[in-house]
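The values are calculated or read from the model by the stated rules, or taken from the named source; none is laboratory data. Keep in mind that what you see is a predicted model, and the values were worked out from it rather than measured. Neighbour counts are summed over all protein chains in view; Cβ atoms, including those assigned to glycine, are modelled from backbone coordinates with ideal geometry. Please note that ligands, DNA and RNA were not included when accessible areas were found on the heavy atoms of the full protein model with its side chains. Shrake-Rupley method; radii C 1.70, N 1.55, O 1.52, S 1.80 Å.
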Amino acid sequence: MLKVTSVDGTVIAYERYGDHGGDPLIVVGGATCDRAKTRPLAEGLGAHLPVVNYDRRGRGDSGDTSPYAVEREVEDIAALVDDLSDDVVLYGHSSGATLVLHAAAAGVPARAIVLHEPPFSADTDEDRQEARDYAETLTALLSANRRDDAVALFFQTTGVPAEAVAEMRHEPWWADVVALAPTLAYDSAVMGDLSRGGSLPVEVATRVAVPALVLSGGDSPDWMIEAGRAAAAALPHGTHRVLPGEGHVPSPQTLAPVLTEFIARR
């Protein structure tokens, strides 16, 4: 395990995979993910290209510093890039893709970015209000230290039926997710649930100057594919690609050649 210190003094833990030449790919996980959860993806991709897998602040072996701000997570990525002393490509999954979008717009030096299914709300009053309601309820639950209920709320909001969530509470991995519950508020902030109802931040996307590949799973819901298409259209150098047979969580076997080809062309 390697470590780097961010601007505000927070220690960020990371690991490297793939002893290959070329620019490293930094994997930025989404909600409920620490680097242990993204490790299978990092290891799979590491068979084809150099990969950096890290714990976002508040997760795993990384530290945390209050108060939280999206800008601090952008600084964490910048500190990683500086520590690597290489050109990098940023790969973000789900809400991690939105964090990558913010990092690229802020000028974190990456030569390309990949956004995998950023879960932007549809641009309707109903969907924006649903995102705001989620953020407000989540904040209340975490303030009351009801972490189990906060995690249950997250899964139900993503479409998992309440009955299935009740069963999930008895799974051995549930406690690990509950430990990450406070960071659900971080992902909600990254998504802009309160500020803009979780919709695509077009003004942020238009500031991204580097090539961007936006990926969607062919088996994902239509709204998710449309969110990816809209994100690619808002990016000055964006391209949208659908991965047939894949859902929200991609297989390394499918993803590796797509990323390798994209990186080689850049």
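Evaluated against (1) in contact with a strand residue (DSSP E or B) (Cβ under 8 Å, 6 or more places away or on another chain); (2) within 20 Å of GLU261 (Cβ to Cβ); (3) not in a loop (DSSP other than H, G, I, E, B), ALA110 falls short on exactly one condition, (3). Residues in the range 97-107 that are open to solvent by 20 Å² or more (accessible area, probe 1.4 Å) and either among the polar types (S, T, N, Q) or assigned to a loop (DSSP other than H, G, I, E, B) (or both): ALA106, GLY107. Take the conditions (1) farther than 23 Å from HIS48 by Cα; (2) surrounded by fewer than 18 Cβ atoms within 10 Å (Cβ to Cβ); (3) in contact (Cβ under 8 Å) with a residue 60 or more places away in the chain; VAL177 misses just one of them, which is (2). Residues in the range 211-237 that are β-branched (Val, Ile, Thr) and over 15 Å from SER121 (Cα atoms): 1 in all. Taking first residues from the range 225-244 that are in contact (Cβ under 8 Å) with a residue 24 or more places away in the chain and open to solvent by 70 Å² or more (accessible area, probe 1.4 Å) and partners that are in a helix (DSSP H, G or I) and polar (S, T, N, Q), the Cβ contacts under 9 Å between residues at least 6 apart in sequence or on separate chains come to PRO244/THR254. Put simply, of SER121, SER85, SER94 the only residue that is under 21 Å from SER6 (Cα atoms) and either at pLDDT 95 or above or not hydrophobic (A, V, I, L, M, F, W, C) (or both) is SER85.
Considering the range 122-145, and only residues there that are of a type in the set (Val, Ile, Thr) and in contact with a helix residue (DSSP H, G or I) (Cβ under 8 Å, 6 or more places away or on another chain), the residue that is surrounded by the most Cβ atoms within 10 Å (Cβ to Cβ) turns out to be THR139. Taking the criterion of being in contact (Cβ under 8 Å) with a residue 60 or more places away in the chain, part of a helix (DSSP H, G or I), closer than 24 Å to ALA110 by Cα and open to solvent by 30 Å² or more (accessible area, probe 1.4 Å), the only residue of the range 187-220 that qualifies is ALA189.
Of all the criteria given as (1) outside any strand (DSSP E or B); (2) of a type in the set (A, V, I, L, M, F, W, C); (3) in contact with a strand residue (DSSP E or B) (Cβ under 8 Å, 6 or more places away or on another chain), the one not satisfied by ALA31 is (3). Annotation note: of GLY18, GLY9, the sole residue that is small (Gly, Ala, Ser) and out of contact with any helix residue (DSSP H, G or I) (no Cβ under 7 Å at 6 or more places or on another chain) is GLY9. The requirement of being in a loop (DSSP other than H, G, I, E, B), open to solvent by 20 Å² or more (accessible area, probe 1.4 Å) and closer than 28 Å to ASP76 by Cα is satisfied by PRO119. Among the residues making up the range 212-231, those that are more than 17 Å from LEU255 (Cβ to Cβ) and either modelled with pLDDT under 95 or within 16 Å of the chain's Cα centre (by Cα) (or both) are PRO221, ASP222, TRP223, ALA227, ALA231.
Does any residue of the range 133-147 turn out to be among the aliphatic types (A, V, I, L, M), under 30 Å from ALA264 (Cα atoms) and either without any contact (Cβ under 8 Å) to a residue 60 or more places away in the chain or in contact with a Gly (Cβ under 6 Å, 6 or more places away or on another chain) (or both)? No - not one qualifying residue is present in the range 133-147. Filtering the range 35-55 to residues that are among the charged types (D, E, K, R) and over 17 Å from the mean Cα position of the chain (by Cα) leaves only GLU43.
Please work out which residue is surrounded by the most Cβ atoms within 10 Å (Cβ to Cβ), limiting yourself to the range 70-96 and to residues that are part of a loop (DSSP other than H, G, I, E, B) and in contact (Cβ under 8 Å) with a residue 60 or more places away in the chain. Ranking the qualifying residues of the range 70-96, first place goes to SER94. Of all the listed residues (ALA227, ALA232, ALA264, ALA205), the sole one being farther than 21 Å from LEU99 by Cβ and of a type in the set (A, V, I, L, M) is ALA264.
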